[in-house]
Amino acid sequence: MSQNTPSPSEPTLAQVFDKGLLEENPALRQMLGLCPTLAVTTAVTNGLGMGLATTFVLVCSEVAVSLLRHAIPKTVRTPAFITIIASFVTLVMMLVKAYLPALDEALGIYLPLIVVNCIVLGRAEMFASKNGPLRAAADGAGMGIGFTIALVLISAVREVLGAGTLLGVRVLPPFIEPMIIMVMPAGGFAVLGVLIAASVWIEEHPRHKTRYVKKRVAPSASLCAACPINCGIGDPTDDMCAKDEFVEMLEAAVTAAKKEAEEREQ
Amino acid sequence: MAQYASILFSMILVNNFVLVKFLGICPFLGVSKKFDSAVGMGAAVTLVMVLAIAVTWPIQQLLTAWGLEYLQTIAFILVIATLVQLLEMFLKRYVPTLHASLGVFLPLITTNCAVLGVATLVVDEGYTYLESLVAGLGAGLGFLLAMVIFSGVRRRVEEANPPEVFRGMPITLISAAITAMSFMGFSGVIDHLFGA
């Protein structure tokens, strides 16, 4: 375990940090943490606040998990990780409540819900438990800032279209009526859908292909945090995505359980 | 009685957990592809929500009494995770038929934000014990309703032929937007019906 001198095949600290920004962007590419992504992005300040709070929790909990990675037994690691994460979330809640009461009001129950944000537990499980504290911090910062960028992007679109303002300053000329639907729940789904389509378009467009080499490498819980297969593709349009296998697996489990039930009855 | 009905229906229709409050989006998008799994998942979430509130509400009273409110998040998440584990073991051992239809979904919702969300929400709203349980039931049924409706929508979407870049996730999100839009029609209905 030589954390300070990574072998040539291992990514450098900068690469660890960098991959969260675009390549494996949690919200736009891995589709993780969609609940806060959709719920709090009605105004840029809320999106930014949520993103930074999540970044803080990510960095702190990844470092803590990384430091404790040899002390925590494998069998109880998930509850242990959740406890660590929940402690840092509680810390953030207290800080926000004390210094930014307006943000606390705006984020409401979504602030404690950082605990169940799949990004945080996912990174603890997949990265921090296997890497040294320095790399874990870089990974947490990269993922957190990537998440913040995505939230700010989505909330900027929604705030400008839905309220005609940006950071509370009016940007649309007065003769354009803002589309209230954009700050309503329906607008959240629509804006995220269009932004993901746009990122796919940028990537697939022939003119961009040389710059954005198609990489589907994100080793993530992907599309559905509910999917235990973890094939890491997270794209139902991709033939390699194990989503159908997941559904089949669920069905097989149902059939097996039914059989067991019948046998028990006999 | 009217206040319980008002809470129940406003949780199902007006404050629908998935389509209005954006809680439980991961299973909503992940497991809604097939009707049967959508129903199983929805029913499992409903069951866990009611049970979770039944346990976390008294715990909150204890925490308040001892001045330990700041432990709420940690206490709730651990209690819910344990509860789900115990429930799965119980169903597997004693009610295998129910385990077949619900149990397999339980491990997936241990850290579901909808469950922790409803437990936190009823505390914030200051509901009584019975009101909280009704709110949990409503939130779960609303989740079930959204899952069932959306699994129907998705079957159509799967057969549709959207532009290349919209295939998969984007078109699913756009159809979710339209489904959410239809739920906007319910706002105000409950106030009107129950005069709350």
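Just so it is clear, none of the values below were taken in a lab; they were calculated from the coordinates. If you're wondering where the values come from, they're calculated on a predicted model, not measured in any experiment. Because the Cβ atoms are built from the backbone with ideal geometry, glycine has one as well, and the counts that use them run over all protein chains shown.
General remarks:
- Taking all Cα pairs closer than 8 Å and separated by 6 or more residues, the relative contact order of the stretch A:13-207 comes to 36 percent.
- Chain B: DSSP helices with Cα axial extent of at least 30 Å and average Kyte-Doolittle hydropathy no lower than -1.0: B:35-65, B:72-94, B:129-159
- Inter-centroid distance (Cα atoms) of the stretch B:1-60 relative to the stretch B:150-178, Å: 23
- Listed by Cβ neighbour count within 10 Å, with the fewest neighbours leading, B:23, A:166 appear as A:166, B:23.
- Neighbour counts of other Cβ atoms within 10 Å put A:201, B:57, B:66 in the fewest-to-most order B:66, A:201, B:57.
- Applying a threshold of 19 Å to the alpha-carbon distances of B:33/B:92; A:74/A:130; B:34/B:92; A:97/B:21 flags B:33/B:92; B:34/B:92; A:97/B:21 as lying beyond it.
- Of B:38, B:75, B:65, the residue with the greatest mean-square motion in the GNM of chain B, using alpha carbon springs below 10 Å, is B:65.
- If you wrap the protein assembly as shown in the convex hull of its Cα atoms and look at it from every side, the mean projected area works out to 25.3 nm².
- Structure-based [θ]222 nm, chain B - -39500 (n - 2.57) summed over DSSP H runs of at least 4, per residue, nearest 500: -23500 deg cm²/dmol
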